[in-house]
1. Contact list please: Cβ distance under 7 Å, first residue in the stretch 273-291 and closer than 24 Å to GLU435 by Cα and touching a residue at least 60 places away in the same chain (Cβ under 8 Å), second residue surrounded by fewer than 12 Cβ atoms within 10 Å (Cβ to Cβ) and not basic (Lys, Arg), pairs at least six apart or on different chains.
2. With the requirement that a residue be in contact with a Leu (Cβ under 6 Å, 6 or more places away or on another chain) and at negative phi, what does the stretch 180-192 give you?
3. So ALA176 passes all but one of these: (1) modelled with pLDDT of 75 or more; (2) in contact with a strand residue (DSSP E or B) (Cβ under 7 Å, 6 or more places away or on another chain); (3) surrounded by fewer than 18 Cβ atoms within 10 Å (Cβ to Cβ). Which condition number does it fail?
4. I want to confirm something. Restricting to the stretch 202-235 and keeping residues that are crowded, with 16+ Cβ neighbours inside 10 Å and without any contact (Cβ under 8 Å) to a residue 60 or more places away in the chain, which single residue is nearest to the chain's Cα centre (by Cα)?
5. Can you find a residue that is modelled with pLDDT of 95 or more, surrounded by 15 or more Cβ atoms within 10 Å (Cβ to Cβ) and assigned to a strand (DSSP E or B) anywhere in the stretch 422-435?
6. Give me the pairs: first residue in the stretch 450-468 and farther than 13 Å from ILE395 by Cα, second residue surrounded by 12 or more Cβ atoms within 10 Å (Cβ to Cβ) and of a type outside the set (D, E, K, R), beta-carbon distance under 6 Å, and six or more apart or on different chains, which are they?
7. Does the stretch 222-243 contain any residue that is at pLDDT 85 or above and more than 30 Å from GLY486 (Cβ to Cβ)?
8. What do you reckon, is LEU30 outside any helix (DSSP H, G or I), assigned by TED's automatic domain parsing to the domain that holds TYR71 and either closer than 17 Å to VAL314 by Cα or free of Cβ contacts under 8 Å to residues at least 24 places away in the same chain (or both)?
Amino acid sequence: MPRLGLLILDVSLAGVGSLLALALRENFDLTRDRLLEFLPYFTATVAVAFLVFAIGGITRAIWRFSSQPEYLKITATLILVIIGAVLITFAYNRLDGVARSLPLIQCLVCVALLIGARVLHKIAHDGRQIRKASAGFLRHTDAEPVSTLLVVGISKLAETYLQAITELAPGRIVIAGVVGRTDRHVGRLVATHPVLGELRDIDDILNDLEVHGIAIDKIVVATSFDALTAVDRATLLTLERSRNITVQFLAEHLGLDLKPQATPYRSNCRSELSFEIPPLELREIGKRRYWKVKRAIDAIVAFAALVIFSPFIVIVAFVVAATVGFPVIFWQQRPGLGGTPFRLYKFRTMKAAHTFDGRRLSDDERLSSIGTLMRRVRMDEWPQLFNIMRGDMSIIGPRPLLPCDQSEAYRARLLVRPGLTGWAQVVGGRTISPEDKAALDVWYVRNASLRLDLEIAARTIPMVLFGERICIPAIERAWRDLSAGGVLKGTLAYKTENAL
């Protein structure tokens, strides 16, 4: 079933669960007046569920491959939905007609319906044991991925290989997805990894992954050579010759290749400059108590913002769906804290790259009118509040760059969580050079404090309303401080740009 169908089904189950909870609370003695009193709360529940389910991604996993971590995610997501519905209804009519025990009953019933449907579907079709996924642990490990793979083939062999990577190479190998030989399995999951498409479209799949910031190092064919058609073999051969990607057949490599390789976050950036924080200062930065306080503030502010702006977020989501289409959320893989990859979410502002007749559209043609406005006032970045809630990002911090723009020379900026807004944005903006941005980001890492974060937050408001302004003194101060602190390495064959 397409993702939109799964989303509608999950939202419908949440709606049915809400009505069933009301019936249980009233001992199935429902009157027309009672249902009318319940209508505002029911509407808020469905609206918030549509938004949170779409952004939270609980509809992406095919039910027959559901697992325990997904059930926990569903439970947490439903709790967030009910809290949001309660707050919205309280602001509307102070929860008139909603009993205090109803949200608790509603939560239990909705959890039972959404998880129960998946469990029954799984038992009926596969009877598999519930598997523990390691995706959550990979997000918190310090191990840096060294290879990003694409697996070709959907079979027991492919599933065994994926499970072996999960057990034996956590953090060393990242699976970008699975490619089938037909489109029959597209959209499903194999051992928690998505089926991205069919083999004949692998070139388009690789291009799409690059758009999302994912660079493939190796393609592993988890099927026999004889099972491939002549066209499949030619496709793989052409791919290996035209791209810097190694194609391996799993049958020829029974063990895992764990030799160190280039990090997937390789960059084409070249610079004579680098920023290297001295070891003693590095330890001092890591021990600052402010990081724990900052994380708590991030979680509280992000949750409050989601609750307060949830009606507007729902409206924007519907507008994007009407003007741009589904999905309403666009994601890119970015290096986060310590270089650990995470998915950064944004509202879509651009239409599909091709028309129905196959004509490729330019970026100007793809950018919708509402998308231009959203970008100007940063509305497209609202979904990153969920990244902040998850701990991928912070309210204040260096903006996460695309992997191709994250030079190893500027790796010091990855010592803190990336932010929704940052020092480089409020005193520099988009027009300053990458070197200036890196200098401002590293300066922030060394000087982060509650006072500085409050200043950045205060500067962000006029930046959004009136546009970016370059602050030359702040940029020059960053370069002076970094040079005096022994952080700046290499030849300073660079001069700060002058404002026009």
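1. Taking only residues 6 or more apart or on different chains, the pairs are PRO278/GLY486.
2. Across the stretch 180-192, the qualifying residue is only ARG181.
3. With respect to (1) modelled with pLDDT of 75 or more; (2) in contact with a strand residue (DSSP E or B) (Cβ under 7 Å, 6 or more places away or on another chain); (3) surrounded by fewer than 18 Cβ atoms within 10 Å (Cβ to Cβ), ALA176 is out only on (3).
4. Looking at the filtered set, the residue picked out is LEU209.
5. No, every residue in the stretch 422-435 fails to be modelled with pLDDT of 95 or more, surrounded by 15 or more Cβ atoms within 10 Å (Cβ to Cβ) and assigned to a strand (DSSP E or B).
6. ARG459/VAL426; MET463/VAL426; GLU468/GLY429
7. Yes, the conditions are met somewhere in the stretch 222-243.
8. The answer is yes for LEU30.
The values are calculated or read from the model by the stated rules, or taken from the named source; none is laboratory data. No experiment lies behind these values; they were computed from the predicted model shown. Every residue, glycine among them, receives a Cβ derived from its backbone with ideal geometry; neighbour counts consider all protein chains shown.
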